[in-house]
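Remarks on the structure that follows.
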Amino acid sequence: MTDTTLAPARPAADPDSRAHVAILLAVSLCHMLNDVMQSLLAAIYPMLKAEFALDFWQIGLLTMVFQVTASLLQPVVGLVTDRRPMPWSLPLAMGSTLAGLLVLAVAPVYGLLICGAGMIGIGSAVFHPEASRVARAAAGGRFGTAQSVFQVGGNFGSAAGPLLAAFVVLPLGRGSVAWFALVALAAMLILTAVSRWHSRAQ
């Protein structure tokens, strides 16, 4: 006798779950791109020192400006966005990084290098708190996993940046830093879609 018992149907994939995974991967990718561009500055210090005849204190000042804006400003941004979430700050943050890269690429004087470092730092400070919030919103309850995936993107970017500087910027010159502005532009487009999703999900 033929068994006519039907096997239990597999549940359909949850569209929201797929969307969450896509958003998490997108924000992790942008974290990678952001940290690639952050790490470029330190990687091209020898080039800047030679081209502008900089003293070590001037290199130190570049580092300080970048670190103050990228790191010390970040908790302030986090406090502000905790009170008033700003999902659309993500593409704007990447826009600041894009502008900073262009300034670094064409700056004729040391003062503009300081401005470029500060703009990249501001972009990073604004990006990280809101991007972390997006990763949590897309976690689907798996907050540790989501944060880990988000963090892997940044770590990979920090590792890849110096290599890209060695193989792209050093052979082609400081002007080639401007090519990385295209990377920032691509990240802005991705983050615009992420911000649209996050503004609806809140």
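Between a residue in segment 121-144 that is part of a helix (DSSP H, G or I) and any residue that is among the charged types (D, E, K, R) and surrounded by 21 or more Cβ atoms within 10 Å (Cβ to Cβ), which pairs come within a Cβ distance under 9 Å, given they are 6 or more apart or on different chains?
124/35
Only residues in segment 173-202 that are under 9 Å from residue 87 (Cβ atoms) count as the first member; pair them with residues that are open to solvent by 50 Å² or more (accessible area, probe 1.4 Å) and aromatic (Phe, Trp, Tyr), Cβ under 9 angstrom, at least 6 apart or cross-chain, and list the lot.
Close Cβ pairs (under 9 Å, with a partner that is open to solvent by 50 Å² or more (accessible area, probe 1.4 Å) and aromatic (Phe, Trp, Tyr)) amount to 195/88; 196/88; 198/88; 199/88.
If you scan segment 1-43, which residues turn out to be modelled with pLDDT of 90 or more and either part of a loop (DSSP other than H, G, I, E, B) or not hydrophobic (A, V, I, L, M, F, W, C) (or both)?
Selection gives 28, 31, 34, 35.
If I ask for residues that are more than 23 Å from residue 53 (Cβ to Cβ), small (Gly, Ala, Ser) and surrounded by 20 or more Cβ atoms within 10 Å (Cβ to Cβ), which ones from segment 96-114 would you list?
Passing the criteria: only 96.
Please work out if residue 187 is within 20 Å of residue 103 (Cβ to Cβ) and assigned to a helix (DSSP H, G or I). Break it down into steps so the answer makes sense when it comes.
On the way: within 20 Å of residue 103 (Cβ to Cβ): yes; assigned to a helix (DSSP H, G or I): yes.
Criteria met by residue 187.
Out of segment 115-146, which residues are surrounded by fewer than 18 Cβ atoms within 10 Å (Cβ to Cβ) and over 20 Å from residue 18 (Cβ atoms)?
115, 144
Tell me whether segment 168-176 contains one or more residues that are crowded, with 16+ Cβ neighbours inside 10 Å, part of a helix (DSSP H, G or I) and touching a Pro at 6+ places or on another chain (Cβ under 8 Å).
no
The values are calculated or read from the model by the stated rules, or taken from the named source; none is laboratory data. Here the structure is a predicted model, which means the values were calculated and not measured. Using ideal geometry, Cβ is built from the backbone for each residue, glycine included, and neighbour counts are taken over all protein chains shown. Each accessible area value is taken on the protein alone, full model and side chains, heavy atoms only, with ligands, DNA and RNA left out. Shrake-Rupley method; radii C 1.70, N 1.55, O 1.52, S 1.80 Å.
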